[in-house]
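Quick notes on the structure that follows.
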Amino acid sequence: MKSKRTTTTTRGKRTMQTERAYVDLARVDATTADDIERHAREDDEAAWTPEMLTKARIFYPSKPAITIRVHPRVLAFFKREGRGYQSRINAALLAYVDAHERKAS
């Protein structure tokens, strides 16, 4: 779900309001890459300890999120069985890939 955003100008100051915070857009616009790097160096909480690094895990999503256009009949066919239609489309595509990889070798 996307959060609502409202951009307003009050007394010459641009701000963006989301459901959680007000953002001073002029301050964001004025922030340079050097400012960000300096703040990161000065932030004691940003430093990783050796213990934190040994416990750290890298997370890679098993399936990347993509946008794909399919024929309406294809979508209706897979949606007919209800929840999990995207997984069924993925399974059908994997079967296609497997069949063609076997044929090629």
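Readers should treat all values here as calculations from the given coordinates under stated rules, not as data from a laboratory. None of these values were measured; they are calculated from a predicted model. So basically every Cβ, Gly included, is an ideal-geometry build from the backbone, and we count neighbours across all protein chains shown.
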Exercise for the section: Give a residue-ordered list of calculated ³J(HN,Hα) values for the stretch 62-68 (Karplus: 6.51 cos²θ - 1.76 cosθ + 1.60, θ = phi - 60°; whole Hz; x for Gly, Pro). Expected result: 5, 9, x, 7, 9, 10, 9
Problem - Stretch gain in nm, segment Ser62-Ala95, where the contour uses 0.36 nm per residue and the Cα spacing is subtracted - result: 10.1 nm
Completion exercise
Surrounding charge for Pro72, neighbours by C-beta under 13 angstrom, Lys/Arg +1, Asp/Glu -1, total +4
Handout entry: Approximate spin-label separation Met52-Tyr85, in nm, with each point projected 7 Å along Cα-to-Cβ
Key = 4.4
Practice task
Between Val23 and Ser105, with labels modelled 7 Å along Cα→Cβ, what's the label distance in nm to one decimal, could you check?
Solution key: 4.7
